Every structure is written in C-alpha cells, then in structure tokens.
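> Quick one: structure below, then a few questions.
The values are calculated or read from the model by the stated rules, or taken from the named source; none is laboratory data. Quick caveat: nothing in here was measured; it's all calculated off a predicted structure. When we count neighbours, we look across all protein chains shown, and the Cβ atoms used for this are built from the backbone with ideal geometry, even at glycine.
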C-alpha cells in the first residue's frame, strides 16, 4: 500500500538526485542553536508559505542532516513546516567528546532536554506532530514522559527500546553496568563499536535498497567529517538505564501514538517494542503498531515496499489521525 503519491520511489530518487541535492543546498534552512558556550545543536528546516502542520523529526544515532534530503524533498509541496533536530553528539551538533566521532553520553536525560531546548528556540509549540526513528524514538518517549511541550500525535519508526543482542537480559545488564561504570573503560568503544567504516551492501543489516544504501554512504565518503562512529560503553549503559525506566514505567499514555517496527531488525529488538506497545493497550490513548515483515532496521533507507509503506502509515496517522 502506498496511496501517498508525494513519496518518492527509489527510481524517482535516483533520477532526481541532482535536483534533490540542489534543493537541500538552497531550500533547506540550517540552524545552529546555542545551548551554552560549549554546546550547539543542529537543526534543519523545510519551510512552507501556508503550513497546515508543523512536523518535528528526531533522527536515529549516528545520522547526518543530509540523510533527510529525500524525505524533505518529497514533502516540499505538502504545506508542512518540518524541523529535523539533532541532539548533542549527533549530526552537526557539538561533539560530546571534543575531537572524537564516538557516540558518548554521561546522562541520557540530556538528550530529552536538548530536544526541549531546541523546540523552544525554534518556537515550536503544541499542537505539533512528532516522528522519530531508532534512538530518536527512545528520546521521544522520554520526552513524552517528562516534558510539558507535548505533540499532538507521535509516530515511531523502529524505536530503540532494547538492543538486538542475543545475550540474556540479566547478563547484558550486568556486563553493561559493570564496564560502563569503570572510569578507564566507559569511554571505550563497545565490541560492536568503532570508527565509521563502510560495509559493502551485501553484508549490511540496515537496508535492502542498493541505491539508497550506496548513495547514503557515498555522501560520507565525500564528507568524512560527518561520519559518526559507534557507541561507547557509557552510552550503552545510559541507554539501557533509560530503556529500563521506560519499559518499567506505569505511565498511561494520553497522546495518540503509532509505532512501525521492522520484522528483520538486527539493531533494535522488535519483540521488546511490540511487547511494550501491548502493555499499553488499555491506556487512555491506545497505541497502534504495525510490524513490517522482512524489513531491516533503517526504514527510511529501505526498499520502497518497506520504506514507503512505513511512511504511508506514519503520515496517514500524523496528518489525519487514522491509518489506511
């Protein structure tokens, strides 16, 4: 199902690539939001002369602003004002460890506060719409639990509610908390983390779409300063603490929420996400969820049958409050 004709197919994307690049360079506003003398946050904006809605997008870990060029290009005539907001250490926001591309954080709560600060600086007030991917989904759920400037509706794509590790949960918790608290080790990469290194398409676990995957990584080849690395032990520990807090919370969701998961996700645990949504089926606002069987994690860079289906669900829900 894809009854939203504005969504680009991969053939559209490759055919219009030069136009999309020009659009991104000249039509997308780039913001640098000063939090302190040490921290600035990056945001990009798609404007509209007659916006019907404001959409806020919270990206995943280790993404760059340019990843959203295709999506913003497809939304350019939809009467939407769109902000893509990057918390510290992500995109072109200030690095947490100066001079390092490592994904590190000492307190995951800072991410939600960065999002709140950016929304205030950009004058985004409720009612607005919120869409988030992967780590952005975890940040957004934390934001919903603790902040006052809440969105009208929320769509989460493959949210990072639990890592797709095969270790038993008690072993994972013990390992992460032990290593993550040792001062000399907490800044180190995890065994799965390292500086950015391009992986050939046939070995990747993020996308089935050759053209989107190759174009995405070609951009990092041209802009190595934007290629962020993997997570530190401290980041994984802090993320795990936040995941446990949210998974064990007795909050009653009151805001309409849709979650789309990837059936072949090797980055985040789809079963944990589905179980979390089922736990809240009796909330005041009953969450909706769909699992895309066969899809890899990066739904925004996936093949059309996964990407555009996920976005069709998301935009029908965000714009109309329904799913077709």
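> Given 32, 36, which one is at pLDDT 95 or above, part of a strand (DSSP E or B), surrounded by fewer than 17 Cβ atoms within 10 Å (Cβ to Cβ) and over 18 Å from the mean Cα position of the chain (by Cα)?
32
> Taking the condition over 21 Å from residue 230 (Cβ atoms), in a loop (DSSP other than H, G, I, E, B), modelled with pLDDT of 95 or more and touching a helix residue (DSSP H, G or I) at 6+ places or on another chain (Cβ under 9 Å), does residue 154 pass?
no
> Does residue 266 meet the test of being surrounded by fewer than 20 Cβ atoms within 10 Å (Cβ to Cβ), in contact (Cβ under 8 Å) with a residue 12 or more places away in the chain, within 18 Å of the chain's Cα centre (by Cα) and over 30 Å from residue 322 (Cβ atoms)?
yes
> Now for a separate question. Within segment 179-213, take every residue that is over 20 Å from the mean Cα position of the chain (by Cα) and assigned to a helix (DSSP H, G or I) and give me the one that is modelled with the lowest pLDDT.
Going through the qualifying residues, I end up with 180.
> Do we find that residue 258 is modelled with pLDDT of 95 or more, touching a helix residue (DSSP H, G or I) at 6+ places or on another chain (Cβ under 9 Å) and either farther than 28 Å from residue 203 by Cβ or not in a loop (DSSP other than H, G, I, E, B) (or both) in this structure?
Considered against the rule, which asks whether it is modelled with pLDDT of 95 or more, touching a helix residue (DSSP H, G or I) at 6+ places or on another chain (Cβ under 9 Å) and either farther than 28 Å from residue 203 by Cβ or not in a loop (DSSP other than H, G, I, E, B) (or both), residue 258 comes out as yes.
> For segment 131-147, enumerate the residues that are assigned to a loop (DSSP other than H, G, I, E, B) and either within 12 Å of the chain's Cα centre (by Cα) or at pLDDT below 95 (or both).
Correct list: 134 only.
> From the list 113, 166, exactly one residue is modelled with pLDDT under 95 and either out of contact with any strand residue (DSSP E or B) (no Cβ under 7 Å at 6 or more places or on another chain) or buried (at least 18 other Cβ atoms within 10 Å of the Cβ) (or both). Which is it?
After applying the criteria, what remains is 166.
> Would you mention how many residues in segment 89-130 are under 26 Å from residue 276 (Cα atoms), part of a helix (DSSP H, G or I) and free of Cβ contacts under 8 Å to residues at least 40 places away in the same chain?
5
> Give segment 85-116 a look and list any residue that's within 14 Å of the chain's Cα centre (by Cα) and under 14 Å from residue 226 (Cβ atoms), or say none.
Correct list: 86, 89, 90, 91.
> Continuing with the same structure: Considering each residue of segment 214-233, count those that are at pLDDT 95 or above and either loosely packed, with under 15 Cβ neighbours inside 10 Å or assigned to a helix (DSSP H, G or I) (or both), and give that number.
Final tally of qualifying residues: 13.
> Among the residues in segment 239-258, are any within 23 Å of residue 92 (Cβ to Cβ) and either surrounded by 12 or more Cβ atoms within 10 Å (Cβ to Cβ) or free of Cβ contacts under 8 Å to residues at least 40 places away in the same chain (or both)?
Yes, that holds for at least one residue.
> Being within 24 Å of residue 8 (Cα to Cα), touching a helix residue (DSSP H, G or I) at 6+ places or on another chain (Cβ under 9 Å), surrounded by 15 or more Cβ atoms within 10 Å (Cβ to Cβ) and free of Cβ contacts under 8 Å to residues at least 40 places away in the same chain narrows it down to one residue among 133, 201; which is it?
So the residue among 133, 201 that is within 24 Å of residue 8 (Cα to Cα), touching a helix residue (DSSP H, G or I) at 6+ places or on another chain (Cβ under 9 Å), surrounded by 15 or more Cβ atoms within 10 Å (Cβ to Cβ) and free of Cβ contacts under 8 Å to residues at least 40 places away in the same chain is 201.
> How about segment 296-317: which of its residues are surrounded by 18 or more Cβ atoms within 10 Å (Cβ to Cβ) and more than 16 Å from the chain's Cα centre (by Cα)?
303, 304, 306, 308, 309, 312, 313, 316, 317
> Do we find a residue being surrounded by fewer than 20 Cβ atoms within 10 Å (Cβ to Cβ), on the phi < 0 side of the Ramachandran plot, assigned to a loop (DSSP other than H, G, I, E, B) and touching a helix residue (DSSP H, G or I) at 6+ places or on another chain (Cβ under 6 Å) anywhere in segment 62-74?
Scanning segment 62-74 turns up no residue that is surrounded by fewer than 20 Cβ atoms within 10 Å (Cβ to Cβ), on the phi < 0 side of the Ramachandran plot, assigned to a loop (DSSP other than H, G, I, E, B) and touching a helix residue (DSSP H, G or I) at 6+ places or on another chain (Cβ under 6 Å).
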